[in-house]
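The values are calculated or read from the model by the stated rules, or taken from the named source; none is laboratory data. Just so we're clear, the structure is a prediction, and the values are computed from it rather than from any experiment. Using ideal geometry, Cβ is built from the backbone for each residue, glycine included, and neighbour counts are taken over all protein chains shown. Just the protein is used for accessible areas: all its heavy atoms, side chains included, with ligands, DNA and RNA removed. Shrake-Rupley method; radii C 1.70, N 1.55, O 1.52, S 1.80 Å.
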Amino acid sequence: MCPAGRAVVFLVVVALAGIGCSPARPRQSLPAPPPSAPAPPSPSASHLPSPPASPTPPAAFSATVSQEDASDLGATWHAGCPVAPDQLSGITLTYWGFDNQPHEGRIVVATSVVPAVETVFRTLYGERFPIRSMRPVSDYGGSDPASTAADNTAGFNCRDAVAAGPPTWSEHAYGLAIDVNTVENPYLEGGQVQPPNATAYVNRSDVRPGMAVPGGELVRAFASIGWGWGGNWAGTPDYQHFSSTGH
């Protein structure tokens, strides 16, 4: 080989040797991918809105019966009344008020009609028929005008009938009649409205809560036990009055 050829071979060998001995270039790292957004939680009962709370159910109807004596009856009974105290019973019962809440009241009636009276007020309670007040007339000193002016629902009171003519016992004196919502249901007699504070309810075509009207809840409830309604009396309608005899 000529000297020039040896020089070329030498340069190639040196170049290849230099390439083999060069330090390795560092490998460039690719940028890391951005972190993934967390996946939304899967629906579960804990993430759903709570259902609205159920309304508290009203108290169930209840009725408790007790035997009356003269001390219980106060001024509503006296010697000479057509029934004795032991023929009367007090019923403590639940009624539905004008405030749409249950209340407890007490009514005195003849013991013989207790089951029927319980049936009526159980029906009225179930239908949410409103009653203003239910207290024995003895709480008003035996005064029928005071009890009716207070819009009170009551039964027994040993008194005469409120009517023209000679005195006769009222059906209330036997414990066989009940007056209901006496302001919403006035008695019209001799051109007078009783109680006097019931004049706003003389117009019976303007039906409002608590009124006794033909075919309404109150009249139907008493009709179901065979009691008559004073609202049917011609000339002197007594819209508050219900009795086992129809008088």
Subject >> Portion, in percent, of the accessible area of segment 102-168 that falls on carbon or sulfur, probe 1.4 Å >> reply: 55
**OP:** At 0.36 nm per residue, minus the direct Cα-Cα distance, what do ALA75 and ASP99 gain on full extension? Give it in nm, one decimal, please.
**Re:** 5.6 nm
**OP:** Please work out how much accessible surface LEU218 shows to a 1.4 Å probe, ignoring ligands, DNA and RNA, in Å² rounded to 10.
**Re:** 0
Subject >> segment 78-93 residues near the modelled ALA59 label - backbone nitrogen below 20 Å, point 7 Å along Cα→Cβ >> reply: 90-93
